[in-house]
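Structure first, then comments.
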Amino acid sequence: MGESAWPDPSRCPLCGEMNRCAMEIARETGQAQPPCWCMEADFSADLLARVPAEKRRLACICARCAAQAVVQD
């Protein structure tokens, strides 16, 4: 039970690091942000399939995990 409200939308569902999603920052702060890098990124089906089912569509994958997936694919 030690886990706080998960999934945390500010953390990558793959590695747990901060995802720095501009949309989540805007939601948290109420301040408009420039368009997020993730809106233009191409997330492969393989990368998305790596996200545990209970965490899907609840938090953004971070740029590092997205970049590593491109190298691996």
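Structure summary
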quantity: Residue pairs meeting the criteria (Cβ under 7 Å; at least 6 apart or on separate chains; first among the hydroxyl-bearing types (Ser, Thr, Tyr), in the stretch 43-69; second surrounded by 15 or more Cβ atoms within 10 Å (Cβ to Cβ)); calculated: Ser44/Ala69
quantity: Those residues of the stretch 17-32 which are outside any helix (DSSP H, G or I) and either closer than 16 Å to Pro7 by Cα or in contact with a Pro (Cβ under 7 Å, 6 or more places away or on another chain) (or both), in sequence order; calculated: Glu17, Met18, Asn19, Arg20, Cys21
quantity: Matching residues, the stretch 14-32, being free of Cβ contacts under 8 Å to residues at least 24 places away in the same chain and open to solvent by 80 Å² or more (accessible area, probe 1.4 Å); calculated: Arg27, Glu28, Gln31, Ala32
quantity: Residue list for the stretch 33-67, filter: open to solvent by 40 Å² or more (accessible area, probe 1.4 Å), in a helix (DSSP H, G or I) and farther than 13 Å from Arg11 by Cα; calculated: Trp37, Met39, Ala45, Asp46, Leu48, Ala49, Ala53, Glu54, Ala67
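The values are calculated or read from the model by the stated rules, or taken from the named source; none is laboratory data. Computed from a predicted structure; not experimentally measured. Cβ coordinates were reconstructed from backbone atoms using ideal geometry, including for glycine residues, and neighbour counts include every protein chain displayed. Remember, those area values only see protein heavy atoms, side chains included, never the ligands or the DNA or RNA. Shrake-Rupley method; radii C 1.70, N 1.55, O 1.52, S 1.80 Å.
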